[in-house]
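*Asks:* Take this structure first; my questions come after.
The values are calculated or read from the model by the stated rules, or taken from the named source; none is laboratory data. Here the structure is a predicted model, which means the values were calculated and not measured. When we count neighbours, we look across all protein chains shown, and the Cβ atoms used for this are built from the backbone with ideal geometry, even at glycine.
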Amino acid sequence: MPSHVRQSSVLIVVLVAALGVADVYAQAGQQAAPAPLPPALLTCDALATALRPLAANDLRLRDWANVNRYKQANETVSGTDVVFMGDSITDAWPQPRYNFFPGKNYVGRGISGQTTPQMLIRMRPDVIAHKPKVVVFLAGTNDIAGNTGPMTDDEISGNIASMAEIAAANNIKVVLGSILPTSNYHQGPNQPAPQTVQRPLARIRALNDWMKRYASDKGHIYLDYFSAMIDDKGMLRTELSGDDLHPNEAGYAIMGPLAQAAIDRALRQ
(Lines give C-alpha, C1' and ligand atoms only; values in the text may rest on other atoms or scores of the structure.)
Protein backbone atom coordinates (compact mmCIF):
# COMPACT_ATOMS: atom_id res chain seq x y z
CA MET A 1 0.00 0.00 0.00
CA PRO A 2 1.44 3.45 -0.91
CA SER A 3 2.61 5.53 2.05
CA HIS A 4 0.15 8.37 1.42
CA VAL A 5 -2.74 5.89 1.41
CA ARG A 6 -1.53 4.34 4.70
CA GLN A 7 -1.18 7.81 6.19
CA SER A 8 -4.70 8.79 5.13
CA SER A 9 -6.11 5.53 6.49
CA VAL A 10 -4.47 6.05 9.87
CA LEU A 11 -5.68 9.64 9.90
CA ILE A 12 -9.28 8.59 9.28
CA VAL A 13 -9.10 5.95 12.03
CA VAL A 14 -7.66 8.46 14.50
CA LEU A 15 -10.27 11.09 13.70
CA VAL A 16 -13.16 8.64 13.88
CA ALA A 17 -11.88 7.25 17.18
CA ALA A 18 -11.43 10.70 18.64
CA LEU A 19 -14.91 11.76 17.59
CA GLY A 20 -16.34 8.55 19.01
CA VAL A 21 -14.67 9.06 22.37
CA ALA A 22 -15.85 12.67 22.49
CA ASP A 23 -19.40 11.56 21.71
CA VAL A 24 -19.39 8.97 24.48
CA TYR A 25 -18.18 11.51 27.01
CA ALA A 26 -20.69 14.08 25.77
CA GLN A 27 -23.56 11.64 26.21
CA ALA A 28 -22.37 10.95 29.74
CA GLY A 29 -22.32 14.69 30.49
CA GLN A 30 -18.54 14.71 30.94
CA GLN A 31 -15.85 16.70 29.22
CA ALA A 32 -14.02 14.55 26.71
CA ALA A 33 -10.48 13.71 27.70
CA PRO A 34 -8.00 14.28 24.88
CA ALA A 35 -6.71 11.03 23.43
CA PRO A 36 -2.97 10.91 22.73
CA LEU A 37 -2.02 10.85 19.06
CA PRO A 38 0.65 8.64 17.55
CA PRO A 39 3.96 10.57 17.40
CA ALA A 40 4.12 10.23 13.62
CA LEU A 41 0.87 12.13 13.29
CA LEU A 42 1.94 15.08 15.43
CA THR A 43 3.88 16.45 12.46
CA CYS A 44 1.50 15.14 9.80
CA ASP A 45 0.48 17.79 7.28
CA ALA A 46 -2.63 15.82 6.38
CA LEU A 47 -3.71 15.82 10.02
CA ALA A 48 -3.25 19.56 10.31
CA THR A 49 -5.24 20.08 7.14
CA ALA A 50 -8.07 17.88 8.41
CA LEU A 51 -8.18 19.35 11.92
CA ARG A 52 -8.15 23.02 10.87
CA PRO A 53 -11.74 23.08 9.52
CA LEU A 54 -12.88 20.86 12.40
CA ALA A 55 -11.51 23.36 14.92
CA ALA A 56 -13.08 26.28 13.05
CA ASN A 57 -16.41 24.47 12.90
CA ASP A 58 -16.21 23.70 16.62
CA LEU A 59 -15.82 27.40 17.41
CA ARG A 60 -18.67 28.21 15.03
CA LEU A 61 -21.01 25.73 16.68
CA ARG A 62 -20.25 27.12 20.13
CA ASP A 63 -21.53 30.55 18.98
CA TRP A 64 -23.24 29.91 15.66
CA ALA A 65 -24.56 33.46 15.27
CA ASN A 66 -21.33 35.00 16.61
CA VAL A 67 -23.24 36.92 19.25
CA ASN A 68 -19.98 37.50 21.12
CA ARG A 69 -18.51 39.49 18.22
CA TYR A 70 -19.94 42.81 19.44
CA LYS A 71 -20.60 41.91 23.09
CA GLN A 72 -17.94 44.23 24.53
CA ALA A 73 -18.55 46.98 21.98
CA ASN A 74 -22.26 46.93 22.75
CA GLU A 75 -21.55 47.72 26.40
CA THR A 76 -20.01 51.06 25.43
CA VAL A 77 -22.68 52.20 22.96
CA SER A 78 -25.23 54.79 24.04
CA GLY A 79 -27.76 56.95 22.24
CA THR A 80 -27.28 55.37 18.84
CA ASP A 81 -29.41 56.90 16.09
CA VAL A 82 -28.93 54.23 13.42
CA VAL A 83 -27.71 50.62 13.44
CA PHE A 84 -26.51 48.97 10.23
CA MET A 85 -27.14 45.21 10.37
CA GLY A 86 -25.59 42.97 7.76
CA ASP A 87 -22.78 40.79 6.49
CA SER A 88 -19.23 41.52 5.27
CA ILE A 89 -20.29 44.55 3.23
CA THR A 90 -21.65 46.16 6.39
CA ASP A 91 -18.78 44.75 8.45
CA ALA A 92 -16.15 46.50 6.31
CA TRP A 93 -17.97 49.82 5.94
CA PRO A 94 -16.80 51.44 9.24
CA GLN A 95 -13.16 51.18 8.12
CA PRO A 96 -11.69 54.72 7.90
CA ARG A 97 -11.01 54.45 4.18
CA TYR A 98 -14.73 54.03 3.46
CA ASN A 99 -15.82 57.25 5.22
CA PHE A 100 -18.64 55.71 7.29
CA PHE A 101 -20.99 58.65 7.89
CA PRO A 102 -18.62 61.08 9.66
CA GLY A 103 -20.22 63.10 12.39
CA LYS A 104 -23.21 60.75 12.62
CA ASN A 105 -24.08 58.60 15.62
CA TYR A 106 -24.32 55.43 13.56
CA VAL A 107 -22.91 51.98 14.41
CA GLY A 108 -22.17 49.02 12.17
CA ARG A 109 -23.13 45.52 13.25
CA GLY A 110 -22.11 43.52 10.21
CA ILE A 111 -20.35 40.17 10.42
CA SER A 112 -18.52 38.73 7.45
CA GLY A 113 -20.09 35.65 5.90
CA GLN A 114 -23.34 35.83 7.85
CA THR A 115 -26.76 34.81 6.65
CA THR A 116 -30.22 35.99 7.65
CA PRO A 117 -30.90 33.26 10.28
CA GLN A 118 -27.71 34.29 12.08
CA MET A 119 -28.63 37.97 11.94
CA LEU A 120 -32.09 37.14 13.23
CA ILE A 121 -30.52 35.68 16.37
CA ARG A 122 -28.40 38.83 16.78
CA MET A 123 -31.32 41.25 16.56
CA ARG A 124 -31.81 41.74 20.30
CA PRO A 125 -28.19 42.30 21.43
CA ASP A 126 -26.96 44.09 18.31
CA VAL A 127 -30.01 46.19 17.36
CA ILE A 128 -32.92 46.28 19.82
CA ALA A 129 -30.72 46.82 22.89
CA HIS A 130 -29.40 50.09 21.42
CA LYS A 131 -32.90 51.54 20.92
CA PRO A 132 -31.96 53.23 17.63
CA LYS A 133 -34.32 55.38 15.64
CA VAL A 134 -33.59 53.46 12.44
CA VAL A 135 -32.10 50.10 11.46
CA VAL A 136 -30.64 49.59 7.98
CA PHE A 137 -30.56 45.97 6.81
CA LEU A 138 -28.29 44.59 4.10
CA ALA A 139 -28.70 40.82 3.96
CA GLY A 140 -29.33 37.86 1.69
CA THR A 141 -26.31 37.48 -0.57
CA ASN A 142 -24.68 34.83 1.64
CA ASP A 143 -27.97 32.97 1.95
CA ILE A 144 -28.07 32.70 -1.83
CA ALA A 145 -24.50 31.40 -1.78
CA GLY A 146 -25.45 28.78 0.82
CA ASN A 147 -22.99 29.88 3.50
CA THR A 148 -25.03 28.16 6.21
CA GLY A 149 -26.67 25.61 3.97
CA PRO A 150 -29.10 25.74 1.04
CA MET A 151 -31.91 28.27 1.42
CA THR A 152 -34.91 29.07 -0.72
CA ASP A 153 -35.94 32.61 -1.57
CA ASP A 154 -39.01 32.18 0.64
CA GLU A 155 -36.83 31.24 3.60
CA ILE A 156 -34.58 34.25 3.02
CA SER A 157 -37.47 36.68 2.66
CA GLY A 158 -39.11 35.16 5.73
CA ASN A 159 -36.06 35.89 7.87
CA ILE A 160 -35.80 39.44 6.56
CA ALA A 161 -39.49 39.97 7.29
CA SER A 162 -39.01 38.59 10.81
CA MET A 163 -36.18 41.04 11.50
CA ALA A 164 -38.27 43.91 10.16
CA GLU A 165 -41.20 42.87 12.35
CA ILE A 166 -39.01 42.72 15.45
CA ALA A 167 -37.64 46.19 14.72
CA ALA A 168 -41.08 47.67 14.04
CA ALA A 169 -42.48 46.12 17.23
CA ASN A 170 -39.78 48.04 19.10
CA ASN A 171 -40.63 51.36 17.42
CA ILE A 172 -37.55 51.29 15.18
CA LYS A 173 -37.91 52.56 11.62
CA VAL A 174 -36.90 49.96 9.03
CA VAL A 175 -34.75 50.49 5.94
CA LEU A 176 -34.38 47.43 3.72
CA GLY A 177 -31.25 47.61 1.59
CA SER A 178 -31.32 45.76 -1.70
CA ILE A 179 -28.85 42.94 -2.25
CA LEU A 180 -25.93 44.24 -4.28
CA PRO A 181 -25.37 42.92 -7.80
CA THR A 182 -22.50 40.57 -8.56
CA SER A 183 -20.26 40.28 -11.61
CA ASN A 184 -17.66 38.02 -13.19
CA TYR A 185 -14.98 40.57 -14.10
CA HIS A 186 -12.40 39.76 -11.41
CA GLN A 187 -12.52 36.00 -10.86
CA GLY A 188 -9.33 34.89 -9.10
CA PRO A 189 -7.39 31.67 -9.79
CA ASN A 190 -8.47 30.15 -6.46
CA GLN A 191 -12.12 31.10 -6.84
CA PRO A 192 -14.16 27.94 -7.54
CA ALA A 193 -16.84 29.71 -9.57
CA PRO A 194 -17.72 33.24 -10.66
CA GLN A 195 -19.78 35.28 -8.21
CA THR A 196 -22.55 35.33 -10.79
CA VAL A 197 -22.74 31.55 -10.39
CA GLN A 198 -22.44 31.50 -6.60
CA ARG A 199 -24.90 34.39 -6.30
CA PRO A 200 -27.03 34.37 -9.48
CA LEU A 201 -28.37 37.74 -10.53
CA ALA A 202 -31.82 36.25 -11.19
CA ARG A 203 -32.18 35.31 -7.52
CA ILE A 204 -30.82 38.66 -6.39
CA ARG A 205 -33.35 40.48 -8.57
CA ALA A 206 -36.20 38.28 -7.34
CA LEU A 207 -35.39 38.95 -3.69
CA ASN A 208 -34.96 42.65 -4.33
CA ASP A 209 -38.34 42.75 -6.08
CA TRP A 210 -39.92 41.04 -3.08
CA MET A 211 -38.14 43.44 -0.71
CA LYS A 212 -39.44 46.47 -2.58
CA ARG A 213 -43.02 45.17 -2.47
CA TYR A 214 -42.75 44.19 1.19
CA ALA A 215 -41.37 47.60 2.16
CA SER A 216 -44.22 49.32 0.34
CA ASP A 217 -46.85 47.09 1.94
CA LYS A 218 -45.48 47.52 5.47
CA GLY A 219 -44.57 51.20 5.34
CA HIS A 220 -40.81 50.61 5.42
CA ILE A 221 -38.18 52.25 3.23
CA TYR A 222 -36.63 50.33 0.34
CA LEU A 223 -33.01 51.30 -0.27
CA ASP A 224 -32.11 50.54 -3.88
CA TYR A 225 -28.35 50.06 -4.08
CA PHE A 226 -28.75 47.60 -6.94
CA SER A 227 -29.96 49.97 -9.66
CA ALA A 228 -27.24 52.51 -8.91
CA MET A 229 -24.41 49.97 -9.16
CA ILE A 230 -25.14 47.91 -12.29
CA ASP A 231 -23.66 48.32 -15.75
CA ASP A 232 -25.26 47.86 -19.16
CA LYS A 233 -24.97 44.09 -18.71
CA GLY A 234 -26.90 44.18 -15.45
CA MET A 235 -23.85 43.26 -13.39
CA LEU A 236 -21.88 45.06 -10.68
CA ARG A 237 -19.86 47.75 -12.39
CA THR A 238 -16.25 46.66 -12.69
CA GLU A 239 -14.87 49.88 -11.18
CA LEU A 240 -16.96 49.45 -8.00
CA SER A 241 -15.43 46.18 -6.80
CA GLY A 242 -12.19 44.27 -6.90
CA ASP A 243 -13.73 40.83 -6.35
CA ASP A 244 -17.14 41.01 -8.06
CA LEU A 245 -18.94 41.03 -4.69
CA HIS A 246 -17.65 43.54 -2.16
CA PRO A 247 -17.72 47.28 -2.90
CA ASN A 248 -14.48 49.24 -2.93
CA GLU A 249 -14.10 52.92 -2.03
CA ALA A 250 -15.96 53.95 -5.19
CA GLY A 251 -18.73 51.51 -4.36
CA TYR A 252 -19.21 52.77 -0.82
CA ALA A 253 -19.11 56.35 -2.15
CA ILE A 254 -22.28 55.51 -4.09
CA MET A 255 -23.91 53.60 -1.24
CA GLY A 256 -23.35 56.22 1.45
CA PRO A 257 -25.56 59.03 0.07
CA LEU A 258 -28.25 56.52 -0.90
CA ALA A 259 -28.30 55.12 2.63
CA GLN A 260 -28.41 58.58 4.17
CA ALA A 261 -31.30 59.61 1.94
CA ALA A 262 -33.20 56.45 2.96
CA ILE A 263 -32.54 57.13 6.64
CA ASP A 264 -33.80 60.70 6.25
CA ARG A 265 -36.97 59.41 4.60
CA ALA A 266 -37.52 56.93 7.43
CA LEU A 267 -37.09 59.64 10.06
CA ARG A 268 -39.68 61.82 8.33
CA GLN A 269 -42.33 59.10 8.52
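*Asks:* Of the conditions (1) surrounded by 15 or more Cβ atoms within 10 Å (Cβ to Cβ); (2) farther than 27 Å from Arg213 by Cβ; (3) in contact with a strand residue (DSSP E or B) (Cβ under 8 Å, 6 or more places away or on another chain); (4) free of Cβ contacts under 8 Å to residues at least 40 places away in the same chain, Gly110 clears all except one; give me its number.
*Replies:* For Gly110, the exception is condition (2).
The rows are residues; the columns are (1) of a type outside the set (Ser, Thr, Tyr); (2) modelled with pLDDT under 95; (3) over 23 Å from Gly108 (Cα atoms).
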position: Trp210; (1), (2), (3): yes, no, yes
position: Tyr225; (1), (2), (3): no, no, no
position: Thr238; (1), (2), (3): no, no, yes
position: Ala259; (1), (2), (3): yes, no, no
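*Asks:* Just to be sure before I move on: is Thr238 within 19 Å of the chain's Cα centre (by Cα), of a type in the set (Ser, Thr, Tyr) and over 21 Å from Gly158 (Cα atoms) in the structure I sent?
*Replies:* Taking the combined requirement at face value, the residue does not satisfy it.
*Asks:* Moving on. Only one of (1) without any contact (Cβ under 8 Å) to a residue 60 or more places away in the chain; (2) surrounded by 14 or more Cβ atoms within 10 Å (Cβ to Cβ); (3) aliphatic (A, V, I, L, M); (4) not in a loop (DSSP other than H, G, I, E, B) is not met by Ala202, so which one is it?
*Replies:* Exception for Ala202: condition (2).
*Asks:* From the residues in the stretch 207-227 that are part of a helix (DSSP H, G or I) and either polar (S, T, N, Q) or exposed (fewer than 15 other Cβ atoms within 10 Å of the Cβ) (or both), which one is nearest to the chain's Cα centre (by Cα)? Reasoning before the result, please.
*Replies:* So the first thing to find is which residues in the stretch 207-227 are part of a helix (DSSP H, G or I), and the list is 207-218, 226-227.
Next cut, either polar (S, T, N, Q) or exposed (fewer than 15 other Cβ atoms within 10 Å of the Cβ) (or both) only: 208-209, 213, 216-218, 227.
Values: Asn208: 17, Asp209: 21, Arg213: 23, Ser216: 25, Asp217: 26, Lys218: 25, Ser227: 22 Å.
The extreme case among them is Asn208.
*Asks:* When you go through (1) surrounded by fewer than 19 Cβ atoms within 10 Å (Cβ to Cβ); (2) among the polar types (S, T, N, Q); (3) at pLDDT 95 or above; (4) more than 22 Å from Ala228 (Cα to Cα) one by one for Asn184, which number turns out not to apply?
*Replies:* (4)
*Asks:* Which of the numbered conditions does Met235 fail, given that it passes all the others? Conditions: (1) surrounded by fewer than 22 Cβ atoms within 10 Å (Cβ to Cβ); (2) closer than 17 Å to Gly86 by Cβ.
*Replies:* Met235 satisfies every listed condition except (2).
*Asks:* Would you mention how many residues in the stretch 101-114 are over 15 Å from Val134 (Cβ atoms) and more than 19 Å from the chain's Cα centre (by Cα)?
*Replies:* Residues meeting the conditions: 2.
*Asks:* Being on the phi > 0 side of the Ramachandran plot and either at pLDDT 95 or above or among the aromatic types (Phe, Trp, Tyr) (or both) is the requirement here; does Asp244 meet it?
*Replies:* Yes; evaluated as a whole, the condition is true for this residue.
*Asks:* Hey, another quick one. Kindly indicate the residue of the stretch 76-94 that is more than 17 Å from the chain's Cα centre (by Cα) and at pLDDT 95 or above and also surrounded by the fewest Cβ atoms within 10 Å (Cβ to Cβ) among those meeting that condition.
*Replies:* Just the residues of the stretch 76-94 that are more than 17 Å from the chain's Cα centre (by Cα), to begin with: 76-82.
If we keep only those that are at pLDDT 95 or above too, we end up with 80-82.
Values: Thr80: 19, Asp81: 15, Val82: 24.
My answer is Asp81.
*Asks:* Residues in the stretch 54-67 that are modelled with pLDDT of 65 or more and farther than 13 Å from Met123 by Cα: how many? Quick ask: steps written out before the conclusion?
*Replies:* Just the residues of the stretch 54-67 that are modelled with pLDDT of 65 or more, to begin with: 61-67.
Among the residues that remain, those that are also farther than 13 Å from Met123 by Cα are: 61-64.
Here the count works out to 4.
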